[in-house]
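The values are calculated or read from the model by the stated rules, or taken from the named source; none is laboratory data. Small disclaimer: the values here were computed from a predicted structure and weren't measured. Note that each Cβ is placed from the backbone with ideal geometry, even for glycine, and that neighbours are counted across all protein chains shown.
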Amino acid sequence: MATPKNSKIANNRDSNTAESNFHTIKYGQKDGSISFGRISKDGSCISDVLLQAEDGRHQISMDKNGPRKGWTSATCPGNFQVLCGMDKDGETESMVLCAQNGNISIRAINGRIRLEALDIDIIAKGTAPERGNITVESNESIELRSKNILVNASNSWRLISTGIGEVVANSTIEMYSSMIRGVTDAVFPKDSKVGGRDVLVKNLLT
């Protein structure tokens, strides 16, 4: 689990395991400072470089050891903005966010996450049979709104609802299959001549 910048851990400045550095240098004045080799507040890490504004929450830290070894951390009390690609064309990558190992987490604790572009591609490429999945989960609702919606499944597709399901087309509905089966709960006490109870049992167990 990630360790916050100033979390309370076993180390403190007075403990035997606190970091020490006899080569720390700091330059600054009332508006900000830059430090080399500064020890963190909890004594657990040394920052190779720490750039800090007058507000202590506004800083960039490059940590070298401890629980944040190799970390680059940036915090700010206001907006964090990145602007690039002014001299690039629209067909090449102007900004790349890449994690060679591990996950990428984007969180808005008290707000929305918006993705906006001329086109958006969401691609999952797994190297193992159990990888290459995309999961969209919501505790309330998921809305898809578009001029055209195309779902193309090479193996199978399934829509499940434990409540009400509706299919509505104000113009025309076209359905095609080599075989179409319709099953209701009427087959529960006694199976029909053409079967169907197995379908009922399978969906009751879903």
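Here are some residues: ALA124, ALA128. Which one is hydrophobic (A, V, I, L, M, F, W, C), more than 26 Å from GLY70 (Cα to Cα) and modelled with pLDDT of 90 or more?
So the residue among ALA124, ALA128 that is hydrophobic (A, V, I, L, M, F, W, C), more than 26 Å from GLY70 (Cα to Cα) and modelled with pLDDT of 90 or more is ALA124.
Would you mention how many residues in segment 128-141 are over 16 Å from ASN103 (Cβ atoms) and either β-branched (Val, Ile, Thr) or touching a residue at least 60 places away in the same chain (Cβ under 8 Å) (or both)?
The total comes to 1.
What are the pairs with Cβ atoms under 9 angstrom where one residue, in segment 146-172, is farther than 25 Å from ILE120 by Cβ and the other, located anywhere, is among the hydrophobic types (A, V, I, L, M, F, W, C) and in a loop (DSSP other than H, G, I, E, B)? Sequence gap at least six, or different chains.
GLY165/LEU159; VAL167/ILE173
Run down ILE106, ILE134, ILE142 and say which single residue is more than 28 Å from VAL82 (Cβ to Cβ), assigned to a loop (DSSP other than H, G, I, E, B), among the β-branched types (Val, Ile, Thr) and at pLDDT 90 or above.
Of the residues listed, the single one that is more than 28 Å from VAL82 (Cβ to Cβ), assigned to a loop (DSSP other than H, G, I, E, B), among the β-branched types (Val, Ile, Thr) and at pLDDT 90 or above is ILE142.
Test each condition in (1) under 25 Å from ILE142 (Cα atoms); (2) free of Cβ contacts under 8 Å to residues at least 40 places away in the same chain for ARG181 and report the one that comes out false.
Failed condition: (1).
Scan segment 25-84 residue by residue and report those that are aromatic (Phe, Trp, Tyr) and surrounded by 14 or more Cβ atoms within 10 Å (Cβ to Cβ).
Result: PHE36, TRP71.
Being modelled with pLDDT of 80 or more and hydrophobic (A, V, I, L, M, F, W, C) is the filter here; which residues of segment 1-47 pass it?
Across segment 1-47, the qualifying residues are PHE22, ILE25, ILE34, PHE36, ILE39, CYS45, ILE46.
Give SER177, SER141, SER171 a once-over and let me know the one that is under 29 Å from VAL201 (Cβ atoms) and surrounded by fewer than 10 Cβ atoms within 10 Å (Cβ to Cβ).
SER177
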